[in-house]
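Q: Structure provided below as structure tokens; questions to follow.
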Amino acid sequence: MRDPGAEGPTAEKSTVDEFTAVSIASRVRAGALSPVAAVDDALARIEQRDSRIHAFVRVLRERARAEAEALAGRPDLSSLPLAGVPVAIKDNVQVQGEPMRDGSVATDPNPSASDHPTVARLRAAGAIPVGLTAVPELCVWGAVDSPGVITRNPWNPDRVPGGSSGGSAAAVAAGMVPIALAADGMGSIRIPSAACGVFGIKPGRGVVPSELGEHSWFGMSENGPIASTVEDAALMLSVLADEPDLGRIPQSRPLRVGVAVNAPSPILRVDGQWASGVEKTAALLAEAGHRTSQTRVPYPPNMTAAFARWMAGTADDAAELDPALLQRRTRRHAAVGRMIKRAGLVRQSQVDRIEAKMRSFFSAYDVVVTPSLAQPPVAALSWSEKSWLSNVVANVRYAPFSAMWNVLGWPAASVPVGMHSASRTPLAVQIVAPPGGERTVLAVAAEIEHRQGWLRHSPV
């Protein structure tokens, strides 16, 4: 579909015909585009657009240009899968020479000594980090702000871009970078991807190096890509996983598709337009030859497994930080987490029970499609100054569909499927598959993209 971000002075002066990772890398490898020109184009977009969105906490202008110049001299440039591609990095992984603040003044302000494995793999593949993206404190929350600065949704600045990878999703949605590194502990790739109308996939456990915080929230957190196209995300995922085969999206064979709009809890309400997005997607997949059937995901009666890991994981991540420097909501979250740990509520048996039920359920399906969100993204407010309870309630009400797949460590993605008429923000569906199903998820997402398409960038 036509890209509304192609209007305006930056696009007119752009040296990049198509602002996708696949296109940029192809042209750089062929010698039709220099890495410096590709980086300069992204930096110009950031300068023009980010003052309204606040997706970035640090733009690496001089360093990115220097890296682009060095990349141009690499003898293997013509073989690099991400040659010259500008990439944004979520500010919760180490970037050598830059401080990793994780959204908090309580964290270490000193530069990191080395790159996180995911950043190292991106650099080795020819990608060039152009900036670090905004996150909520310790990546705990589903909205991104810090005192005095609110990261906003590019489609409707009165709404949040989701979290915790809200800065990464907003940067891609606003057409500032073609791809961004993100991380997902309870939906932190899929929630902002859904809110911002971009594609994001959380790989299954062990596919991509995690190494997030103390212990990746007891194994719930994974690193993965956010992109404006499925093809770009697949290419980036293949680099992050060091598995080239993941970059080749297979043609989707006829699949058994479960279609489920039931909420994870009877006390939660699913907005009608979000439910309708699932139904329309199911009809599209049925027309494509898939066997779709209505079903209900057998969510556990409570989400103790996810909540306990969320809070206890935060407690461990905050253990060495000065509590006086933490936000009030984060201090409370960590305090509850310490109580949870003392009570022994983080148990593997919780996961085992859920997994046994889900494996039985998935014996009838290859993938299951659910809403990505239950409600439109919440208002863009100073959530960091609000109470712990108001943050938890707001997060759970609008984004309850993601967390269980983090507990299990199964692959899941968010795919744009339309626009919400009231909130003026995108709609999206979540696609889930059992372990090892990343390529199946990508194939279904690519089919939705091919048959329906979406506006790749917001008009900001």
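The values are calculated or read from the model by the stated rules, or taken from the named source; none is laboratory data. None of these values were measured; they are calculated from a predicted model. Don't worry about glycine lacking a Cβ; one is built from the backbone with ideal geometry, like all the others, and counts go over all protein chains shown. Note: accessible area is taken over every heavy atom of the protein model, side chains too, but ligands, DNA and RNA are not part of it. Shrake-Rupley method; radii C 1.70, N 1.55, O 1.52, S 1.80 Å.
Q: Given a cut-off of under 8 Å on Cα pairs at least six residues apart, what relative contact order in percent is computed for region 214-266?
A: Relative CO of region 214-266 lands at 21 percent.
Q: From the Cα gyration tensor of region 27-89, with a ≥ b ≥ c the square roots of its eigenvalues, which class applies: rounded if a/c is under 1.5, or else prolate if a/b is larger than b/c, or else oblate?
A: Cα axes put region 27-89 in the prolate bin.
Q: Let me ask something else about it. Per the 1.4 Å probe, what fraction of the accessible area of region 163-203, in percent, lies on carbon and sulfur atoms?
A: Of all accessible area on region 163-203, carbon and sulfur atoms account for 65 percent.
Q: Here's something else I'd like to know. Give me the 1.4 Å probe accessible area per residue for the chain, excluding ligands and nucleic acids, in Å².
A: Dividing the accessible area of the chain by its residue count gives 36 Å².
Q: Now a separate question. Quick one: what are the phi-derived ³J(HN,Hα) couplings along region 81-91, Karplus 6.51/-1.76/1.60 with θ = phi - 60°, whole Hz, x for glycine and proline?
A: Here the 3J(HN,Hα) series is x, 10, 4, x, 7, x, 9, 9, 10, 4, 7 Hz.
Q: Here's another thing I want to ask about it. So what is the calculated 222 nm ellipticity per residue for the chain, using -39500 (n - 2.57) for each DSSP H run with n of 4 or more, over all residues, to the nearest 500 deg cm²/dmol?
A: Mean residue ellipticity at 222 nm (helix-derived): -11500 deg cm²/dmol.
Q: Each residue of region 173-178 in turn: what ³J(HN,Hα) in whole Hz from Karplus with 6.51, -1.76, 1.60 and θ = phi - 60°, glycine and Pro shown as x?
A: 4, 7, x, 8, 9, x
Q: Please list, in chain and number order, the residues 5+ apart from G131 or on another chain whose amide H is under 5 Å from its amide H, with Hs placed from the backbone.
A: Counting only residues 5 or more places away or on other chains, the set is L60, I89.
Q: Give me the percent of the accessible area of region 387-456 that comes from carbon and sulfur atoms, probe 1.4 Å, all protein chains in place.
A: Answer for region 387-456: carbon and sulfur cover 56 percent of the accessible area.
Q: Within region 15-452, what percent of beta bridges assigned by DSSP are antiparallel, to the nearest 5?
A: So the antiparallel bridges in region 15-452 amount to around 65 percent.
Q: Here is a further query. Name the residue farthest towards the positive end of the dipole of the chain from the options S34, A113, P323, assuming +1 on Cβ of Lys and Arg, -1 on Cβ of Asp and Glu, about the Cα centre.
A: My answer, from the dipole projection, is P323.
Q: Divide the volume of the convex hull of the Cα atoms of region 217-365 by its number of residues and quote the answer in cubic angstrom per residue.
A: Taking only Cα atoms, region 217-365 has a hull volume of 187 Å³ per residue.
Q: Under 5 Å between amide H atoms, partner at least 5 residues away or on a different chain: which partners does S112 have, H built in plane at 1.01 Å?
A: Under 5 Å from the amide H of S112 lie the amide H atoms of V95, G97, E98, M100, each far enough along the sequence or on another chain.
Q: Roughly how many percent of the accessible protein surface of region 292-354 is carbon and sulfur, given a 1.4 Å probe and a whole-percent answer?
A: 52 percent
Q: Further question on the same structure: Quick one: order D76, D41 from most to least accessible surface, probe 1.4 Å.
A: The residues order as D76, D41, largest area first.
Q: Quick one: order K357, K202 from most to least accessible surface, probe 1.4 Å.
A: Per-residue accessible area, sorted high to low, gives K357, K202.
Q: Could you go through region 151-157 in sequence order and give the Karplus-derived ³J(HN,Hα) for each residue, using 6.51 cos²θ - 1.76 cosθ + 1.60 with θ = phi - 60°, rounded to whole Hz, and x for Gly and Pro?
A: Working through the residues one at a time gives 7, 10, 6, x, 7, 8, x Hz.
Q: Just want to confirm a number: the relative contact order over region 15-452, from Cα pairs under 8 angstrom separated by 6+ residues, in percent.
A: Computed over region 15-452, the figure is 17 percent.
Q: Working only with C-alpha atoms, what are the Rg and Dmax values of region 274-340, expressed in angstrom?
A: My reading of the Cα-based Rg and Dmax gives 20.4, 58 Å.
Q: Long-range amide H contacts for G418: which residues qualify at under 5 Å (H placed 1.01 Å from N, peptide plane, sequence gap of 5 or more or a different chain)?
A: L427
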